[in-house]
1. More than 16 Å from ligand 2 (Cβ to nearest atom) and either open to solvent by less than 10 Å² (accessible area, probe 1.4 Å) or not in a loop (DSSP other than H, G, I, E, B) (or both), is that true of B:V446?
2. Please work out which residue is most open to solvent (accessible area, probe 1.4 Å), limiting yourself to region B:48-81 and to residues that are basic (K, R) and closer than 21 Å to B:M426 by Cβ.
3. Looking at B:K363, B:K375, which one is of a type in the set (K, R), away from ligand 1 (no atom under 16 Å from the Cβ) and on the phi > 0 side of the Ramachandran plot?
4. If you check B:L202, B:L241, which single one turns out to be open to solvent by 10 Å² or more (accessible area, probe 1.4 Å), in contact with a strand residue (DSSP E or B) (Cβ under 6 Å, 6 or more places away or on another chain) and hydrophobic (A, V, I, L, M, F, W, C)?
5. Within region B:455-468, track down each residue that is open to solvent by less than 10 Å² (accessible area, probe 1.4 Å) and either out of contact with any Leu (no Cβ under 7 Å at 6 or more places or on another chain) or within 16 Å of ligand 2 (Cβ to nearest atom) (or both).
6. Suppose we filter region B:129-182 for residues that are touching an Asp or Glu at 6+ places or on another chain (Cβ under 8 Å), more than 10 Å from chain A (Cβ to nearest Cβ) and open to solvent by 20 Å² or more (accessible area, probe 1.4 Å); how many remain?
7. Hey, does region B:101-124 have a residue that's within 12 Å of chain A (Cβ to nearest Cβ), without any contact (Cβ under 8 Å) to a residue 40 or more places away in the chain and out of contact with any Pro (no Cβ under 7 Å at 6 or more places or on another chain)?
8. Among B:G422, B:G427, which is open to solvent by less than 10 Å² (accessible area, probe 1.4 Å) and over 22 Å from B:I531 (Cβ atoms)?
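The values are calculated or read from the model by the stated rules, or taken from the named source; none is laboratory data. Since the model is a prediction, treat every value here as computed from it, not as a measurement. Methodologically, a virtual Cβ is constructed for each residue, glycine included, from the backbone with ideal geometry; neighbour enumeration extends over all protein chains shown. Calculation scope for accessible area: heavy atoms of the full protein, side chains included, ligands and nucleic acids excluded. Shrake-Rupley method; radii C 1.70, N 1.55, O 1.52, S 1.80 Å.
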Amino acid sequence: MSEPSKEVNRHTIAVLVDNEPGVLARVIGLFSGRGYNIESLTVAETDHAAGLSRITIVTTGTPMIIEQIKAQLGRLVPVHKVADLTLDGPYVERELALVKVVGKGEKRVESLRIADTFRARAVDSSNNSFVFEIVGAASKIDAFIELMQPLGLTEVSRTGAAAISRGNKPI
Amino acid sequence: MAKKKMQGAEIVIEALKEQGVTEIFGYPGGAVLPLYDAIFNQNAIRHILVRQEGGAVHAAEGYARSTGKVGVVLVTSGPGATNAVTGLTDALMDSIPIVCLTGQVPTHLIGNDAFQECDTTGITRPCTKHNYLVKDVNDLAAVVHEAFHVARSGRPGPVVIDLPKDVVMALGNYQEAGTAAAEKYSPRVKGDQSAITEAVRLLGQAKKPIIYAGGGVINSGPKASKLLGDLVKLTGAPCTLTLMGLGAYPASDKQFVGMLGMHGTYEANLAMHDCDVMLCVGARFDDRITGRLDAFSPGSKKIHIDIDPSSINKNVPVDVPIVGDVGSVLADMVRKWKAAKPKQDKAALKKWWGQIDQWRARKCLAFEQKGEIIKPQHAIRRLFELTQGRETFITTEVGQHQMWAAQYYNFDKPNHWMTSGGLGTMGYGLPAAMGVQIAHPDALVVDIAGEASTLMNIQEMSSIAQYRLPVKIFILNNEYMGMVRQWQELLHGGRYSESYMESLPDFVKLAESFHAAGLRATKASELDDVIKEMIAIDGPVIADIAIDKAENCFPMIPSGAAHNEMLLGPNDKANKPISEEGMVLV
Ligand SMILES: Cc1cc2nc3c(=O)[nH]c(=O)nc-3n(C[C@H](O)[C@H](O)[C@H](O)COP(=O)(O)OP(=O)(O)OC[C@H]3O[C@@H](n4cnc5c(N)ncnc54)[C@H](O)[C@@H]3O)c2cc1C
Ligand SMILES: Cc1ncc(C[n+]2csc(CCOP(=O)(O)OP(=O)(O)O)c2C)c(N)n1
Ligand SMILES: [Mg+2]
């Protein structure tokens, strides 16, 4: 067999699991126990009737490691499905951040202006602060946060990625 | 459905009965008293009282491996559960089906640092195939049924069910085993047909094929061993087995080239290195097998049959992966081979066997028994010869004696060899032998042991006495942690730091104090008589065999080395220093 590729790539993996106690610990324990990376992780119940949660994991690794990660996830008993969105075709990935910016005068106006170009919404304001809500790819959120830095950025709360394949087929 | 409500503990016992359980290994305590009460009130399930919970799990492992059934364990909360952790990890590494019931403090006290509380599901999550904490008495039966299904299906493994005391004391409904569990967890059994066809094609064209089989064949059941034999005969290929696979193919057959790996035979390892097509059947390319990965069988096409997709392409990338049960896939392969009748290159195969015979001619397992100092290889060989013709089960501890047992005791049938391979747990063999003997009361069960390992679970001699189990503990006593000493000799300039076994007990008197017979051989001329007497005694025996203290295990592929850099004997080491990368490996 030819040498497998050593190239490290970023993969977004969707995992459908039974919504039962300990399932998240199982998934996280698998990653830490076997030394895999977690760049971000998002989890919430997505099908109440069937009692299913969806975990979206962004990870990195060589093709052999990524294959291992999927196989290891697949053999957990409460796991129903593992889908590699990065491999399976085009997909949409979004993160959300809430960004608190404190300032007055020119800086305050500037932060509003930038928020506007990023389509971030002010979801709270006081006479010297805003909380912006921004949705998008991780890189867009990174850029927004960087621009807010000199304008009085004081706090950020960020989610991991939510992701779904494009087109009419479910995973 | 106006069925009478039952107490939780009765529900558990009823579910065990429905799962066909007849023996459980356990140790009581406060949190499991209701379960012990339920055991007291029935006769269908026999409880075997061990002397330490670790012993219970190893006993259940021996029971499971020698019968193909699920081994069952019952322990109390806190220290009972933590004592079971080593055995659970052992069972996970070696794919042994176990269901372990653990007591737990009542649900309202969980998280309170209550007396004898520990986070059992948290602690055992990484060392079980799956685990459960049952919080509702009405879930009990279904969870027990599911646990058995999970433990035995796909790649077998240990499953823990944590049982809070209030749950087993509450009244609830029993639920019969149904199909729910199978719907929830159903690993793939049937292999991909086009991959199987391709595998047959590759094997049919091979000029230098080898079949490398492992514990998965044993896991799959005796039928898989039979099919493996058929395929080896059809293809005419040499067959090698891992430590966990011994017995899956008869050692007495001429197509068997011995165990492979770190202490495998010269011919098996060189054939692995030089082959052009390798068929791996239910084995997992463990580091004891592959040696240095980038030098592992560099020129071969590799086919891998495994029921666990995570075993495939984990260490070694393969060309034809086949996910499925060994038995099912081998049946398909045999059928397809017979239908396709591949035109093999007979001349090439003859040449290949010629090469293998040359490697064999090195006689890598040769030893010389001269004088009165007993060579361990000779002791095992005589044990093998003198137990021929009987139904004999062998368990081992961990160390040099384990490797000598693997090399010099020949196994012709599956399920007769129980050893701790993946975790390498000293103290496994004695309780495992107890479990085997419980399942096979009339068979000869011998634990091939080292004196250091024997002391790790010696307390189980008391259980062996209680149940009148005629288990034989055959100690190759070198007064050293021999395997540790061997590595210190090889890698650490012969500085034998803490590997000498000081102040050993008198094993003969120790045996007697445990109501067993004690025998000793210190000279080669005494060996046969001691072995014969050990077999003849109708009861437990510890046979203390004083062996050559300086003997090392060869052949050996030092860690970090390749298959063709094997050490064949003590004089081999000087010219091949161990690499620095090799030094950090275990
Ligand atoms: C001191 C010491 C020295 C050792 N030296 C050696 C040595 O020289 N040589 C050696 O071989 N080992 C040696 N070992 C043992 C080694 O550590 C491994 O335990 C062993 O090699 C693994 O065996 P295996 O590959 O057969 O896999 P196992 O651990 O038996 O795993 C079985 C594989 O089969 C799969 N499987 C299970 N059930 C099925 C099924 N129904 N159908 C299909 N697939 C299935 C599983 O998914 C798994 O991948 C040594 C151990 C110790 C303690
Ligand atoms: C529980 C445990 N602790 C430590 C080890 C490391 N170890 C491997 S072999 C060995 C020595 C075994 O000595 P003995 O039982 O006398 O067997 P011998 O090698 O002498 O045949 C040790 C300490 C182990 N495998 N298991
Ligand atoms: Mg020893």
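1. Values: more than 16 Å from ligand 2 (Cβ to nearest atom): no; either open to solvent by less than 10 Å² (accessible area, probe 1.4 Å) or not in a loop (DSSP other than H, G, I, E, B) (or both): yes.
For B:V446, the condition - more than 16 Å from ligand 2 (Cβ to nearest atom) and either open to solvent by less than 10 Å² (accessible area, probe 1.4 Å) or not in a loop (DSSP other than H, G, I, E, B) (or both) - is not met.
2. So in region B:48-81, the residues basic (K, R) come out as B:51, B:65, B:69.
Now narrow it down to the ones that are closer than 21 Å to B:M426 by Cβ: B:51, B:65.
Working: B:R51: 66, B:R65: 18 Å².
Applying the filter and picking the extreme gives B:R51.
3. Details: B:K375 fails: on the phi > 0 side of the Ramachandran plot.
The unique qualifying residue is B:K363.
4. Working: B:L241 fails: open to solvent by 10 Å² or more (accessible area, probe 1.4 Å).
Only one candidate passes the filter, namely B:L202.
5. Taking region B:455-468 first, the residues open to solvent by less than 10 Å² (accessible area, probe 1.4 Å) are B:460-461, B:463-464.
B:E460, B:M461, B:I464 - these are the residues of region B:455-468 that are open to solvent by less than 10 Å² (accessible area, probe 1.4 Å) and either out of contact with any Leu (no Cβ under 7 Å at 6 or more places or on another chain) or within 16 Å of ligand 2 (Cβ to nearest atom) (or both).
6. Matching residues across region B:129-182 total 4.
7. yes
8. Values: B:G422 fails: open to solvent by less than 10 Å² (accessible area, probe 1.4 Å).
Going through B:G422, B:G427 in turn, just one is open to solvent by less than 10 Å² (accessible area, probe 1.4 Å) and over 22 Å from B:I531 (Cβ atoms): B:G427.
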